[in-house]
Amino acid sequence: MGSIPTSTFSALSSVPLDPHYALKEGFAADKHPEKVILGSGIYRDEDSQPWVLPTVEKAERMVSEFKDVARYEYLPITGHAPFCNTARDILFSPGTKIDNIVTLQTISGTGANSLGARFLSDALKPSAVWLSNPSWVNHANIWEMVGVRVKSYPYWNPTTKTLDFQQLINTLETETAPGDVIVLHACAHNPTGVDPTKEQWKKIADVCEERNLFPFFDCAYQGFASGDLDEDAWALRHFVSRGSLEIAVAQSFAKNMGLYGERVGALHLVTASPDVAAKVKGNLTRLQRGQISQPPRRGALLATTILTDETLFQGWLGDLQHMSSRIKRMRKALYEELVSLEAPGNWEHIVSQIGMFSYTGLSPAQVAAIQSDYHIYMLKSGRISIAGLNDSNVKQVAYAMAMVVKSPSAERSPSELRSL
């Protein structure tokens, strides 16, 4: 038999590999013994190894020992009800009208973003969705796939390495249209690590009210950012407390429970009334049925076990403190090394940012030099994962950063790095 002469798919354009996965491939192919990767949004311990939360290990044993005869049965389309309830309760303020909130278990935060985007594109028919510039790389992809025009509002100021707040507000006040969706990062903004202050959050909420914008919060780091569940949920709780805004929230337990591969998440819609909530739930359920039918069970059981057992819950809060504290310590160590090496420029943004990521301010050319000369891998935007730093490599990373800032084209030998 001969080959088909012309493929039906010949007209397809070539799609480049996602930059995060391309970075991983380059790192895997590098045989240098002192290579470092600072790209992945995955927590690593002091030895650069995956860290299974002690609380999760205890929950695993409890779930395994409970030989539920229905443990492989399908969940409802909306997900595991105890998980949905407890996930909702840690996200919203006590006393919030839960009859107005619709919650569905999703395939982690990505699934929540995707389901929410599909629903809002159908229900609101917004003229555009507004994403921060920059934003999580998958946000634009998700919204483009549901046919909504993607626009951006200013966020990162590369000169000051801070939030470009006034330009953010000016853009929202003058360029948005009623019914547009605005995607907001609840805490630990990805990729910059720069969050608005509480007063700035209030102003953003003012503009959402005045311009009739629909806020969609992406909450991927609750408890992981500051170590405090309530502090990290402050912004979205403030929006809800106003009583005039309906909002959506995509919630993930990948980072704060380390359940990356279990894909545990939830989508919450805060509506104006129980009657509206019932309609929203019906429409979301239909969409969920068409996309995945039912979400997976095991990860939801692990999360529910932790959230509903008081001893495990307190242990989890301790795990969150451990992770967030190590991140803060590594930020401080990197900053101090850069200052000690007299790296040109002001590096205070390294310690003022929060969460897993830091927008270093390095240019694509400097990032390329760090990779080729020092075997340190980061995204060309200059974003690094602070979780990839540890006491063994932070000097190496700081040295490479300082050298390329001082002389981007300078070659550095492996022996210089080993002498650090």
Span from the the range 314-345 Cα centroid across to the the range 159-185 one, whole angstrom = 29 Å
Cβ under 15 Å from residue 108's Cβ, residue 108 left aside: what net charge do those residues give with Lys, Arg +1 and Asp, Glu -1?
-> +2
Treat each spin label as a single point 7 Å out from the Cα along the C-beta direction, and report the residue 209 to residue 285 distance in nm.
-> 3.4 nm
With runs of 4+ DSSP H residues as the only contributors, calculate the mean residue ellipticity of the chain at 222 nm using -39,500 (n - 2.57) per run, divided by the residue total and rounded to the nearest 500.
-> -14000 deg cm²/dmol
Report the net charge of residues surrounding residue 277, where surrounding means a beta-carbon distance below 13 angstrom and charges are Lys +1, Arg +1, Asp -1, Glu -1.
-> +1
Surrounding charge for residue 180, neighbours by C-beta under 11 angstrom, Lys/Arg +1, Asp/Glu -1, total +3
Heavy-atom accessible surface of the chain: percent carbon and sulfur, 1.4 Å | 52 percent
Return the long-range amide H neighbours of residue 182 (sequence gap of 5 or more, or a different chain), with a cut-off of under 5 Å between placed amide H atoms.
-> 130, 214, 216
Percent antiparallel among DSSP beta bridges (both partners in the range 161-288, rounded to 5) = 40 percent
Return the inverse of the average 1/r over all pairs of distinct C-alpha atoms in the range 130-219, which is the Kirkwood hydrodynamic radius, in Å to one decimal.
-> 13.3 Å
Packing-based ranking, highest mean first, of 64-70, 205-211, 384-390 given that Cβ atoms within 10 Å are counted | 384-390, 205-211, 64-70
Rolling a 1.4 angstrom probe over the protein heavy atoms, how many square angstrom per residue are accessible across the range 71-139?
-> 43 Å²
Given labels modelled 7 Å from the Cα in the Cβ direction, how far is it in nm from residue 122 to residue 35?
-> 4.4 nm
Links exceeding 31 Å between C-alpha atoms in this model, out of 202/281; 58/380; 125/380, come to 58/380; 125/380
Scaled to the compact-protein estimate 2.2 N^0.38 Å, what is the alpha-carbon radius of gyration of the chain, rounded to two decimal places?
-> 1.03
Estimated distance in nm for a label pair at residue 157 and residue 141, the labels positioned 7 Å out from Cα along Cα-to-Cβ = 3.2 nm
Rounded to the nearest 5, what is the percent of antiparallel bridges among the DSSP beta bridges in the chain?
-> 50 percent
From the Cα gyration tensor of the range 1-120, with a ≥ b ≥ c the square roots of its eigenvalues, which class applies: rounded if a/c is under 1.5, or else prolate if a/b is larger than b/c, or else oblate?
-> oblate
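The values are calculated or read from the model by the stated rules, or taken from the named source; none is laboratory data. Bear in mind that the values here come from a model prediction, so they are computed numbers and not experimental data. Neighbour counts are summed over all protein chains in view; Cβ atoms, including those assigned to glycine, are modelled from backbone coordinates with ideal geometry. Each accessible area value is taken on the protein alone, full model and side chains, heavy atoms only, with ligands, DNA and RNA left out. Shrake-Rupley method; radii C 1.70, N 1.55, O 1.52, S 1.80 Å.
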